[in-house]
Amino acid sequence: MIELKDFTKEEREVLLYNFEYYSYLVWCKSICLKHAHNTLSEVVDKKYEQELWVVLTHIGRCVRYGTTGYRFSLKDSHYSSANKRFGIKISSRRMNGLLSVLHNDGYIVFYKGFYHGDVNSALSAVSILEPMRCLFSDKALKSQGVARDDVDISDIEVLDMQLTEVDKKYNHGKLKVEKMRDLVFKSTRGMKGVTEIKRNLKAYNLCIHKNKITIDVGNGDQECNAIVYKRRFENDLNTCGRYYVKGTFQNLPSKYRPSIKINGESTIEFDIGNCHPLMLASVDEEALADDFDCYVIPKLTDVGITRDIAKKMLFPILFTSSKSSAIKAVRLELTKQGLKHISAKYVVDCFLEHNYFLDDYAFSESLYGYLQHLDSTIATKVINHFTSKGIVVLCYHDSFRIQKQYEDELYVVMIDSYNEVVGNISNLRISKS
């Protein structure tokens, strides 16, 4: 067993980028898994029989889709849920024991996850080694193994924010930003427009899976087959709705993205700059100078606050419930940056003076839901345009990466989509990387 807590965050993301993600445990006693089960039953104790079926079911899907391994939880409640769903008896304790045996015998690498009560946590993971992989038949798995069914490839989540616990407390000098616990989701049955959203998301994911995507994270071009996009809304289908990959692919540092190839062709990325603040200016028909930058603030630059640091001030200034909360959050960030000698109130005041058009929007806790819905609607239009042509465009919220041959078309589609959603393009900034 290897402890994931011993890796840095970036090291974990690089390690796990091509790992299948399981939001719940899967159990299938399929014929295509029988050979592997019979072989390993001679290696492991009989008490692990049910857990072994779970492991083989998960690995079977990885082999089917060409992923390196899978990520999963060792939380007791996940095992209780699986027991109710499948009528079996599995436990996190026995799963931990089984994976340790398979790790020691050279069938897998077992990466033990951790939870420290903050955002620096990680699920456990299993990497499949060749002795394990050779126990499976690719042909049999494609016809009989667990598939990425509609739940996986057309999955939208609607958080019930009244029942979901959101922790934004200040604790031990650290700001916990939107740390959600005990997530509660609403049923989407009967929600207007949900069928179309699911249909489009399924088409998008199928398009991705039909194309070959590779990335170089330090060991040459490697296939990335674990890209499955989901969408998450809050309370209804008109709040939030961003696209995200449940795994580490989308969280890889941006320095790796230029190495992405689609069907062997190099890619380019277009990004909407100053996206949320300039959207608000455009909605209010406030035309800004072409060279205006929300985060280059002369008064703050003079005291050592760079553009990157100023950019981190946007979230607390716009999305906290009061100015005092924003000042507290900014103070924590200044301390983190070694700038605690600078007045947090001064920073907030300078930020709003520079971005005068945000004055009426500041300290609006629910504003992020509206803005994310705008950028996700733009993303939907861009994605649907290319998906209908069988062309992959990878979405990073307000950035899009595509094969170089479609560069001009992507640029035009982004402009048209922004104009349709926001109402004008007077403040639209698109940069290329």
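The values are calculated or read from the model by the stated rules, or taken from the named source; none is laboratory data. This is a predicted model, so every value here is computed, not measured. Cβ atoms come from the backbone with ideal geometry, glycine included; neighbour counts cover every protein chain shown. Remember, those area values only see protein heavy atoms, side chains included, never the ligands or the DNA or RNA. Shrake-Rupley method; radii C 1.70, N 1.55, O 1.52, S 1.80 Å.
If we keep just the residues of region 236-277 that are acidic (D, E) and out of contact with any Asp or Glu (no Cβ under 9 Å at 6 or more places or on another chain), which is farthest from T214 (Cα to Cα)? Only one residue tops the list, namely D236.
Here's the yes/no breakdown for (1) more than 26 Å from Y244 (Cβ to Cβ); (2) outside any helix (DSSP H, G or I):
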| position | (1), (2) |
| --- | --- |
| D360 | yes, yes |
| T377 | no, no |
| K389 | no, yes |
| H397 | no, yes |
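Of the residues making up region 272-313, just one is in a helix (DSSP H, G or I), open to solvent by less than 20 Å² (accessible area, probe 1.4 Å) and over 23 Å from Q372 (Cα atoms), namely L300.
Within the group T8, T67, which residue is open to solvent by less than 50 Å² (accessible area, probe 1.4 Å) and of a type in the set (S, T, Y)?
After applying the criteria, what remains is T67.
Residues of region 88-102 that are open to solvent by 40 Å² or more (accessible area, probe 1.4 Å) and farther than 13 Å from V54 by Cα: R93, V101.
The set of residues in region 51-64 being in contact with a Gly (Cβ under 7 Å, 6 or more places away or on another chain) and either more than 15 Å from E130 (Cα to Cα) or open to solvent by 30 Å² or more (accessible area, probe 1.4 Å) (or both) consists of R61, R64.
Please determine, by comparing only the residues of region 314-334 that are touching a residue at least 12 places away in the same chain (Cβ under 8 Å) and open to solvent by 70 Å² or more (accessible area, probe 1.4 Å), which one is farthest from F363 (Cα to Cα).
In this case the residue turns out to be R331.
For region 127-161, filtered to residues that are out of contact with any strand residue (DSSP E or B) (no Cβ under 6 Å at 6 or more places or on another chain) and polar (S, T, N, Q), the residue that is least open to solvent (accessible area, probe 1.4 Å) is S154. Mind telling me which of the residues V146, V126 ends up being at pLDDT 80 or above and farther than 22 Å from R12 by Cβ? Answer to the selection: V146.
Within region 244-270, being over 30 Å from L123 (Cα atoms) and open to solvent by 40 Å² or more (accessible area, probe 1.4 Å) holds for N263, G264, E265, S266. Inside region 413-433, residues that are open to solvent by 50 Å² or more (accessible area, probe 1.4 Å) and closer than 11 Å to F270 by Cα make up a count of 3. Within region 245-256, if we keep just the residues that are touching a residue at least 40 places away in the same chain (Cβ under 8 Å) and outside any helix (DSSP H, G or I), the residue that is farthest from S23 (Cα to Cα) turns out to be P253. Please verify whether region 14-21 includes one or more residues that are more than 15 Å from F110 (Cα to Cα), crowded, with 21+ Cβ neighbours inside 10 Å and of a type in the set (S, T, N, Q). Checking region 14-21: at least one residue is more than 15 Å from F110 (Cα to Cα), crowded, with 21+ Cβ neighbours inside 10 Å and of a type in the set (S, T, N, Q). With a requirement of 3 or more residues that are open to solvent by 40 Å² or more (accessible area, probe 1.4 Å) and not hydrophobic (A, V, I, L, M, F, W, C), the strands (runs of 3 or more DSSP E) lying completely within region 191-243 that satisfy it span 221-223.
For I383, are the conditions met, namely being more than 30 Å from N211 (Cβ to Cβ), open to solvent by less than 40 Å² (accessible area, probe 1.4 Å) and within 26 Å of the chain's Cα centre (by Cα)? So I383 fails the test. Just to be sure I understand, how many residues within region 335-365 are farther than 17 Å from V303 by Cα, of a type outside the set (A, V, I, L, M, F, W, C) and touching a residue at least 12 places away in the same chain (Cβ under 8 Å)? Qualifying residue count for the region: 4.
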